[in-house]
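Reading through the structure tokens given below for one structure.
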Amino acid sequence: MTAPTDLSLPAHLAVVIPVFREAANVAPLVARLHAALAGIAWEAVFVDDDSPDGTAAAVRAIAATDPRIRCIRRIGRRGLASACIEGMLSVSAPFVAVMDGDLQHDEAILPAMLAAVERGADIAIGSRHVEGGAAQGGFSAARGALSDAGTRLAQALLPAPVADPMSGFFLLRRDLVEQVAPRLTGRGFKILLDILLTAPRGLQVAEIPYAFRAREHGASKLDATVLLEFAGLLLDKATGGVVPLRFLAFAAVGGFGVLVHMAALAVLVGLGGLGFAAAQWGATLVAMTANFVLNNRITYRDARLRGAALWRGLVLFYLVCGVGAAANVGIAGLLVRDGVLAWGLAGAAGALITVVWNYAVSATLIWRAR
Ligand code: GDD
Ligand code: MN
């Protein structure tokens, strides 16, 4: 049994814990950290995205009597990876760990992870896929298969072999965090992979086995959009980040909107009674609405609008796209009239200008970062 550490000492290890709807898990996790980290000067920073279940209040209730515990409450933001980054950048301890707040990660290996990095490893990973580790407990069969597929994909991009690059449980020196932070993608769930793909080559990685536990309270937040964000992260890192991910998502949504437009137009023309112009207007409205909803859920998931802001955003989006469409027609018309381009190229140039305009203006006016 080690002696309790002096609370007047600055933290040697900061544990960053992203949480969303984890109110029931906070107190048990803090109790487990106290048991696992006895003898180490540690602190824990919970990063909550304004969970409706009172997660932040649960952390504050403990922080009122436990100086090791802190809470960052983010409003109007969502995202596991970005929460981890914000938490890691908020601490001053020389060593930083990241672990889930749902008790699925085994806190008992934190001292071994710390020792590995103190001995010279750049990063220690809590690993399900090395000798002694186990993944079965934590996931359903389907989720396990998905995780394995993601792991293989990730491993293809990694410069050196890592058995569990999909882990959300790791520990590293704070100066490495600060070095890579400006270049992290910061989207989606895979913050460790983001760090591994961003850090300079030749990282010394230590994998410490642990058994991934089943979740007892609350539910996983992984959904289809998180999978899209994973694909986006790999694409971003594989291409060296040449094209902004958000622009790609916005353009893909726009491309899908063309299909929606044609389908709606077919239905409206098929109904009969409406003239072509009226049907075209109707289809435009349907496509713009579909694009708005998809951009709000996918492209700008981390800044998703709700309630009154959602309706305000929709009206603004109609206006922005309306101006974009007018510019498209006007510019393409001029290019053709002046004989600068043939109609095909002129049309494409007009469309490109519209996408860039819609993207730039809606990013600053509608989903502006808060
Ligand atoms: N602040 C914040 N914002 N926290 C979030 C968000 C978010 O948008 N989404 C999820 N979290 C928190 C959860 O509350 C939990 O503490 C942790 O992040 C992991 O989320 P889960 O929803 O439990 O994910 P999972 O169990 O499907 O997958 C996790 O475990 C894998 C295995 O280690 C993730 O951490 C993966 O990254 C990890 O690889
Ligand atoms: Mn989990």
For 162-171, 245-254, 60-69, ranked highest to lowest by mean beta-carbon neighbours within 10 Å, the order is 162-171, 245-254, 60-69
Here the FRET efficiency for ALA211 versus ARG306, based on Cβ atoms and R0 = 41 Å and rounded to 0.05, is 0.60
Honestly the chain on the Cα gyration tensor test (a ≥ b ≥ c root eigenvalues; a/c under 1.5 rounded, otherwise a/b vs b/c for prolate or oblate) is just prolate
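Looking at the square roots a ≥ b ≥ c of the eigenvalues of the Cα gyration tensor of the stretch 52-113, which shape do they give, rounded for a/c under 1.5, prolate if a/b is larger than b/c, or oblate? Show your work: numbers first, answer last.
On the way: a/c = 1.44, a/b = 1.25, b/c = 1.15.
The shape class here is rounded.
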When the charge dipole of the chain is computed with +1 at the Cβ of Lys and Arg and -1 at the Cβ of Asp and Glu, the Cα pointing farthest to the positive end, of ALA23, GLN204, PRO94, is that of ALA23
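Checking understanding here: applying a Kyte-Doolittle mean of at least 0.5 and a length along the axis of at least 18 Å (C-alpha), which whole DSSP H helices in the chain pass?
Helices meeting the span and hydropathy rule in the chain are 23-36, 224-238, 245-271, 276-294, 307-337, 343-365.
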Ordering 173-182, 266-275 by per-residue average of other C-beta atoms within 10 angstrom, highest first, gives 173-182, 266-275
Honestly the stretch 70-168 on the Cα gyration tensor test (a ≥ b ≥ c root eigenvalues; a/c under 1.5 rounded, otherwise a/b vs b/c for prolate or oblate) is just oblate
For 199-211, 86-98, ranked highest to lowest by mean beta-carbon neighbours within 10 Å, the order is 86-98, 199-211
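At a threshold of 8 angstrom on Cα-Cα distance, excluding pairs fewer than six apart, so keeping six or more, what relative contact order does the stretch 29-157 reach in percent?
Working: 88 pairs, mean separation 26.8, N = 129.
For the stretch 29-157, the relative contact order is 21 percent.
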Within the chain, the percent of DSSP beta bridges that are antiparallel, given to the nearest 5, stands at 25
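Relative contact order (percent) for the chain, with alpha-carbon contacts under 8 angstrom and 6 or more residues of separation?
Details: 574 pairs, mean separation 54.9, N = 370.
Here the relative contact order equals 15 percent.
Values quoted throughout were computed directly from the atomic coordinates according to the rules given, and no laboratory measurement underlies them. Remember, predicted model here, so these are calculated numbers, not experimental data. Don't worry about glycine lacking a Cβ; one is built from the backbone with ideal geometry, like all the others, and counts go over all protein chains shown.
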